[in-house]
Amino acid sequence: MSEGKRVTTKVSAEEINAQYKYIEAIKQYVQDLTIKLGKPIRYNIETFGCQMNENDSERLAGMLSEMGYSECDDRSDSDLIIFNTCCVRENAEQKVYGHLGALKKLKEVNPNLIIAICGCMMQQPEVVAHIKKVYRHVDIIFGTHNLYKLPELLNTAIASDKMVIDVWDSTGSIAENMPISRKDKLKAWVTVMYGCNNFCSYCIVPYVRGRERSRGIDEIRNEVIKLAEDGCKEITLLGQNVNSYGKDLEGDYTFANLLRELNKIDGIERIRFMTSHPKDLSDDLIYAIRDCEKVCEHLHLPVQAGSSKILEDMNRKYSKEQYLSLIAKVKEHIPDIGLTTDIIVGFPGETEEDFAETLDVVSKAKYDMAYTFLYSKRTGTPAAKNPNQVPEEVMKDRFDRLLELQNSISLQINNELLGKEVEVLVEGLSKNSKTTYTGRTRQNKIVNFKGSPDLVGKLIKVRIDGIQTWSLNGTLD
């Protein structure tokens, strides 16, 4: 182990066993309450934010299912409501507060109702203080580092009429071997690492998710093997920066090597991952995407801005030229790669010339899709203190121009698929039809087509005969 290298630790087996004892205690409570009320005791989880939050919510759901709770989509019919929160953008926080206020009436109607709030927002002390003051009907507050302690926190809340608050400032350890309840049996999120060390000047994530911690390769492999045995066909590996996987582990572990290991697992048909940081995208990772037949030809590589000056102010640690060089290298080795990105419009200090550089990158990189955002000031980040905030009307104008350019590129790329045959993993019925099925290509493009129930979960060939900006229409050969 190199000098100064921190080895990520796991929550002890004793602590995990203790949580299972709390699970058994609450299971008895739920059984007694079910008999008393003559109805199932239900939980409702509302998730705000990213795919990692979604995966965290699946773990919360797994624990609650073990405790005897039934899932419920209707808050008003729930006996336990959990908000799993995000704080990347201000509007996400305001949405949580609005929903939280509406729960007070439900608490008055159902005295057994327990309200819990967790996730990234709770890692901000000012948010916890605000909830304590304004939303006294909340029963449990916990953060991102101790989700596995839900059974213990719930047990404490049931036995007490006081608000239970357990938010850890420290990063904590990784909890393995806790239950999980996945909504999708065909596709699954698999978190491979937590936290972020990059400290981009606009981003609150390192402050609320902590420093980078990688899961052990054996634990990840075992989880994926179990998924394959349960019929899962596609996995998406998650991390704030998956390219940093293994740097905190003892031994020579890299994300490229992890992909190669998972590529060997029988039953899994496709492997995806997100998110990659450009500064850590190695040649070896590019080769792994190219050489591993199960790793999809799709790369999400956030550029955030096209101006080297703005990128430096963002603390992104690469220039416009370096980014474009990286894109060229990826396309050289993986010609059929599908590229997506994130772009922030209106970062403090962004001039019209800086924005023109962003448009130039979009024109040259030719993304299949770009997730575009107006800059959102986050208290506690360096960018929030920058006096050169861009006026909202200027941001919106630039946003519209960026969207117009990207939409034209997306349509152009999709047009090139017209008449071609693509491989699609059939996911199920389209949301708005009883005869149209939907799936995705290896490049992560949505394809809609007329099909039958027996196709779900299968890899099939579809000929593209209709083009839209964000999706494709096809016909079975």
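Summary of packing: across the peptides 337-346, 121-130, the per-residue average of other C-beta atoms within 10 Å ranks them, highest first, as 337-346, 121-130. With contributions of -39500 (n - 2.57) from each DSSP H run of at least four residues, the per-residue ellipticity at 222 nm computed over the chain stands at -11500 deg cm²/dmol.
Kindly identify the range 238-304 as rounded, prolate or oblate by the Cα gyration tensor criterion: order the square roots of the eigenvalues as a ≥ b ≥ c, call it rounded if a/c is under 1.5, otherwise compare a/b with b/c, prolate if a/b is larger, else oblate. Verdict is oblate for the range 238-304. Remark: the E15-K264 segment gains 86.4 nm on full extension, using 0.36 nm per residue and subtracting the alpha carbon distance. Sparse packing (at most 16 other Cβ atoms within 10 Å of the Cβ) combined with a DSSP loop state is found for the following chymotrypsin sites (Phe, Trp or Tyr not before Pro) in the range 413-477: W470. Using a cutoff of 8 angstrom between alpha carbon atoms and counting only pairs six or more residues apart, the relative contact order for the range 187-415 works out to 17 percent.
Taking all Cα pairs closer than 8 Å and separated by 6 or more residues, the relative contact order of the chain comes to 10 percent. Shape of the range 104-178 from the C-alpha gyration tensor: oblate (a/c of 1.5 or more and a/b not above b/c, with a ≥ b ≥ c the square roots of its eigenvalues).
How high is the relative contact order of the range 204-295, in percent, with contacts defined as C-alpha pairs under 8 Å that are six or more residues apart? Intermediate results must be reported in sequence, preceding the final value.
Working: 107 pairs, mean separation 29.9, N = 92.
Answer for the range 204-295 is 32 percent.
Using a cut-off of 26 Å between Cα atoms, the listed pairs K105/K162; K10/K162; K105/K187; K36/K132 include K10/K162; K105/K187; K36/K132 as exceeding that distance.
Pairs of Lys residues in the range 324-377 that lie 8 or more places apart, or on two chains, and have C-alpha atoms under 18 angstrom apart add up to 4.
What's log10 of I(q)/I(0) for the range 421-476 at q = 0.17, 0.26 Å⁻¹, Debye sum over Cα points only, no solvent? Rounded to two decimals, the profile gives -0.42, -1.03. A Förster distance of 22 Å, applied to the separation of the beta-carbon atoms of T34 and E108, puts the FRET efficiency at 0.50. Qualifying trypsin sites (Lys or Arg not before Pro) in the range 207-309, where qualification requires a DSSP coil assignment and no more than 15 other C-beta atoms within 10 Å, comprise R211, K264. In terms of overall dimensions, the range 13-166 has a Cα radius of gyration and Dmax of 14.7, 43 angstrom. Mind checking the range 79-151 for trypsin sites (Lys or Arg not before Pro) that DSSP puts in a loop (not H, G, I, E or B) and that have at most 12 other Cβ atoms within 10 Å? Of the trypsin sites (Lys or Arg not before Pro), the ones in loops of the range 79-151 whose Cβ has at most 12 other Cβ atoms within 10 Å are R136.
For Rg and Dmax of the Cα atoms in Å, the candidate list reads (1) 23.3, 68; (2) 29.1, 89; (3) 22.4, 75; the entry that matches the value derived from this model is (1).
Here, each number is a calculation from the coordinates, and none is a lab measurement. Here the structure is a predicted model, which is why all the values come from computation and not from measurement. Here the Cβ is made from the backbone with ideal geometry for all residues, glycine too, and neighbour counts use every protein chain on show.
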